1. Given a Förster distance of 30 Å, report the FRET efficiency between Q223 and Q57 from their Cβ-Cβ distance, rounded to the nearest 0.05.
2. Ranked highest first by the average count of other Cβ atoms within 10 Å around their residues, in what order do 230-243, 133-146, 89-102 fall?
3. Calculate one ³J(HN,Hα) per residue across region 58-73 by plugging θ = phi - 60° into the Karplus curve 6.51 cos²θ - 1.76 cosθ + 1.60, and present them in order as whole Hz with x for glycine and proline.
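A short reminder: the numbers here are calculations on the coordinates, not readings from a lab. The model shown is predicted, which means the values in this text are computed figures rather than measured ones. With ideal geometry, Cβ positions are generated from the backbone for all residues, glycine too; neighbour counts draw on all protein chains shown.
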Amino acid sequence: MTMSLQRLTVGVLFTLSHVWAHSWVEQLSIVAPNASYVGEHGYARSFVDKGMPGFDQNANLWTVPPLENQPPFLRPGDLLCHPSQRTLTPLPDFPRLKASPGGILALRYAENGHSTIPGGGKGLPGKPERGGTVFVFGTSAAREDETLSNTLQWTAYGRGGDGRGTFLTAQNFDDGRCYQLGNGAALANLRRERFPNPIPDSVAVGRPFTLYWVWQWPTAPGQDPSFPRGKDEYYVSCMDVGIVQEVASVAPSRTLAQQDPMSTAVSDFRSCTALTTDPLALSSSSNFGVCTTGCSAAAPASSLPPPARLRMAHF
């Protein structure tokens, strides 16, 4: 069964375990109408469980632009996906999620102190409010040489960039519910009590459908003396969803070594807002930073359709 991209339901999720670094998608889960998680979990391409001995965060972490880009601004050729995530081949131990058209799914990630620990990402000079923005894009025509500058131009109407994909949703990285299990911060403990159901996000279209999770966390010009002209900074996870007619309601057979214990999404998971809904608004391509040579070109704002107005989910 297939469905149009406009019917796709998408949101974004918050939480998980323990690594003082930046973030990536840890796990995908289906959310039932009653907010419970159902069926098997799914994982990003070439996922590595951070709870296993000898874990190297660089196995999952992908920063764009790469650190060698100086000045630190996005360039047209900067690839979207981690080198291990550029093909659609799933791993036996960490398979892709299976979902039905129109279903709701959670993209579960760790805040890693960015939302609850001062200096861990909170209150840093030049950084956007609420930890920046998580954007989700989708395509049924994924390419190994996908670039971030092209993907950021995709619109809710399937236009922009090369026209192969769609902008699905935007959500604040920190929606006030986000916390990290075990980080010890008083704010994290408070949020764990107030927001005990920390997760969800959504689904789509017959045959493998690719989702790109893009966290935008730039530095504004004139705020940080280390980056006087500002800085582009993105973290990306690439994953595929296998679309099936019906999702089996079974207990998950594969979980993480540090599995998030929550088994439901928050009750109002169908609502969400983001301070920024334009993926180009806080990038050097729109003069948020000052990049003078070799930067990513973007369409003028006036030529871009408005951002997606699909159902979104808070967790």
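1. Between Q223 and Q57 the formula returns 0.65.
2. 230-243, 133-146, 89-102
3. 5, 5, 10, 7, 9, 10, 10, x, x, 4, 6, 5, 9, x, x, 10
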